[in-house]
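The values are calculated or read from the model by the stated rules, or taken from the named source; none is laboratory data. From a predicted model like this one, the values you see are computed outputs, not experimental measurements. As a convention, Cβ positions derive from the backbone with ideal geometry for all residues, glycine included, and neighbour counts pool all protein chains shown.
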Amino acid sequence: MPNPGPLAGIRVIDFGRYIAGPYCAMLLADMGADVIRVDRRHGSEDRYIAAITESGEGGGFLSLNRNKRNLTLDTSKPQSAEVIRRLVEGADVVVANLPNNVLKSMRLDYDSLRATKPNIILARMSTFGPDGPYANRVGFDTVAQAMCGAMSLTGFPGAPVRDIVPFADYGTALHTAFGVMVALYHRAQTGEGQVVDGSLLATSITFVQGLLAERSVLGIERQQMGNTSFYTAPADTYKTKDGWIVVSAVGNDMFTRWARLVGHEEFITDPRFAGDQLRADNRGPITEAMNAWLATRTTEEAIAELEKARVPAGPVLELDQVLEDPQVKARELLRYVDHPGAAKPVPLADTAVRLSATPGGIRRRAAALGEHTDEVLGEIGYGEEEIRKLREAEVV
């Protein structure tokens, strides 16, 4: 019997969509919470993005919704209000990344929730937060990336570039899941619930805070520089005989080891390279030395020598190389899970944080649409005849 997880006994109702809400709830599910994903009757939009199964589920959806049960509900039908009320009555946490007006219309705003369950915890996520001039605006991860300043500095000189990884979504989910754990701890001490509020813009601003501080205090105006660091050198992407690597040397000790490795000990006492920022500002000779040294080495050879000198470096891997990477395999960072309609087992990122005494993990695949509807309805007090009527009325 698998370990039920440290959050066993905590029930979460997941009204999340796309990434931020589902990932927040997934983190709780990985640690043992009973998470019930509430889907539209014909499937919510995020289920069908980048399909990899015969029925159209996307790889991201299958990952973000593992370890959850699935209930379908048409929230436009008046009978859905009672279903939601009963779900909330038996829940500890409600997760929702829906607009505030939608939350109110579904009676998922905090006042409505605590009228049903006084100690409920509402974890809500939005693009801009619940107040301020942008409160009612909609947006996705890319909007937050654009509006925090990150896109203006990402990529090579030219058009702004988004990060292919939706860091605002995933970061907001992490912040909010942390907030949920704090709220659960507070409730255990006081018996009180509360609102945990996360927003994509707040997360993005947090992630670029160093650049914002530099601009505000010193007036420095950075420009796009590709993969080159603003603050140290060598710190960039460099070409080897057979590929690309990244190297990042920070601090005088590391720079000294690098200079000796590439045969330029004179750099160690050169006043142009006396500190990280000076090395960044005078990177030309450093880049030339790095490129000359790499011109005669394969990626594997370069990484081995840099590692021996204890200079951080890594190969730029393509996706198929990531799947076969020995460290990824050794630590089982990916778990291969069978899904109905998938041509082969689907690699899912296993729980990223490893706890020695109370580990989380993938206990079951993402649920099929409505797979647990009858089961969940039965648990919240609906009889077989009542469930049949809800199905006839196309409520579930």
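For the stretch 248-260, state whether one or more residues are outside the structural domain of P99 (by TED's automatic domain parsing), in contact (Cβ under 8 Å) with a residue 40 or more places away in the chain, surrounded by 19 or more Cβ atoms within 10 Å (Cβ to Cβ) and farther than 25 Å from D111 by Cα. Within the stretch 248-260, one or more residues are outside the structural domain of P99 (by TED's automatic domain parsing), in contact (Cβ under 8 Å) with a residue 40 or more places away in the chain, surrounded by 19 or more Cβ atoms within 10 Å (Cβ to Cβ) and farther than 25 Å from D111 by Cα. Among the residues of the stretch 307-337, write down those that are within 18 Å of V247 (Cβ to Cβ), touching a residue at least 60 places away in the same chain (Cβ under 8 Å) and not in a loop (DSSP other than H, G, I, E, B). Scanning the stretch 307-337 gives A313, G314, P315. Please verify whether the stretch 303-314 includes one or more residues that are closer than 30 Å to T75 by Cβ, surrounded by fewer than 17 Cβ atoms within 10 Å (Cβ to Cβ) and under 24 Å from the mean Cα position of the chain (by Cα). The answer is no, given that none of the residues of the stretch 303-314 is closer than 30 Å to T75 by Cβ, surrounded by fewer than 17 Cβ atoms within 10 Å (Cβ to Cβ) and under 24 Å from the mean Cα position of the chain (by Cα).
Taking A20 as the residue in question, decide whether it is hydrophobic (A, V, I, L, M, F, W, C), modelled with pLDDT of 95 or more and touching a Ser or Thr at 6+ places or on another chain (Cβ under 9 Å). For A20, the condition - hydrophobic (A, V, I, L, M, F, W, C), modelled with pLDDT of 95 or more and touching a Ser or Thr at 6+ places or on another chain (Cβ under 9 Å) - is met. When the stretch 165-207 is filtered for residues that are farther than 23 Å from I121 by Cβ and surrounded by fewer than 21 Cβ atoms within 10 Å (Cβ to Cβ), the ones remaining, listed by number, are V165, F167, I205, F207.
Could you please find all residues in the stretch 208-223 being part of a loop (DSSP other than H, G, I, E, B) and either of a type in the set (D, E, K, R) or surrounded by 10 or more Cβ atoms within 10 Å (Cβ to Cβ) (or both)? Hits for the stretch 208-223 are V208, I220, E221, R222. Scanning the stretch 362-375 finds one or more residues that are surrounded by 11 or more Cβ atoms within 10 Å (Cβ to Cβ), out of contact with any helix residue (DSSP H, G or I) (no Cβ under 7 Å at 6 or more places or on another chain) and not in a loop (DSSP other than H, G, I, E, B).
Can you spot a residue in the stretch 1-9 that is in contact (Cβ under 8 Å) with a residue 60 or more places away in the chain, in the same structural domain as A342 (by TED's automatic domain parsing) and either surrounded by fewer than 23 Cβ atoms within 10 Å (Cβ to Cβ) or of a type in the set (G, A, S) (or both)? No - not one qualifying residue is present in the stretch 1-9.
Within the stretch 34-74, track down each residue that is part of a loop (DSSP other than H, G, I, E, B) and either within 22 Å of G361 (Cα to Cα) or polar (S, T, N, Q) (or both). If you could, list the steps in order and put the result at the bottom.
To start, the set of residues in the stretch 34-74 that are part of a loop (DSSP other than H, G, I, E, B) comprises 40-44, 49-50, 52, 54-57, 65-67, 73-74.
If the condition is that a residue be part of a loop (DSSP other than H, G, I, E, B) and either within 22 Å of G361 (Cα to Cα) or polar (S, T, N, Q) (or both), then S44, S55, E57, N65, R66, N67 are the ones that fit.
Pairs linking a residue in the stretch 276-299 that is not assigned by TED's automatic domain parsing to the domain that holds G251 and part of a helix (DSSP H, G or I) to a residue that is of a type outside the set (A, V, I, L, M) and modelled with pLDDT under 95, with Cβ atoms under 8 Å and 6 or more positions apart or on different chains, do not occur. What's the number of the condition K389 fails, among (1) surrounded by fewer than 12 Cβ atoms within 10 Å (Cβ to Cβ); (2) farther than 28 Å from L7 by Cα? Tallying (1) surrounded by fewer than 12 Cβ atoms within 10 Å (Cβ to Cβ); (2) farther than 28 Å from L7 by Cα, K389 fails exactly one: (1). Restricting attention to the stretch 47-66 and to residues that are without any contact (Cβ under 8 Å) to a residue 60 or more places away in the chain and in contact with a strand residue (DSSP E or B) (Cβ under 8 Å, 6 or more places away or on another chain), the residue that is farthest from A173 (Cα to Cα) turns out to be A51.
Quick grid of which residues meet (1) within 18 Å of G381 (Cβ to Cβ); (2) part of a helix (DSSP H, G or I); (3) more than 19 Å from the chain's Cα centre (by Cα):
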residue	(1), (2), (3)
R86	yes, yes, yes
K104	no, yes, yes
P118	no, no, yes
G129	no, no, no
N136	no, no, yes
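Restricted to the stretch 40-59, and to residues there that are among the polar types (S, T, N, Q) and at pLDDT below 95, the residue that is nearest to the chain's Cα centre (by Cα) is S44.
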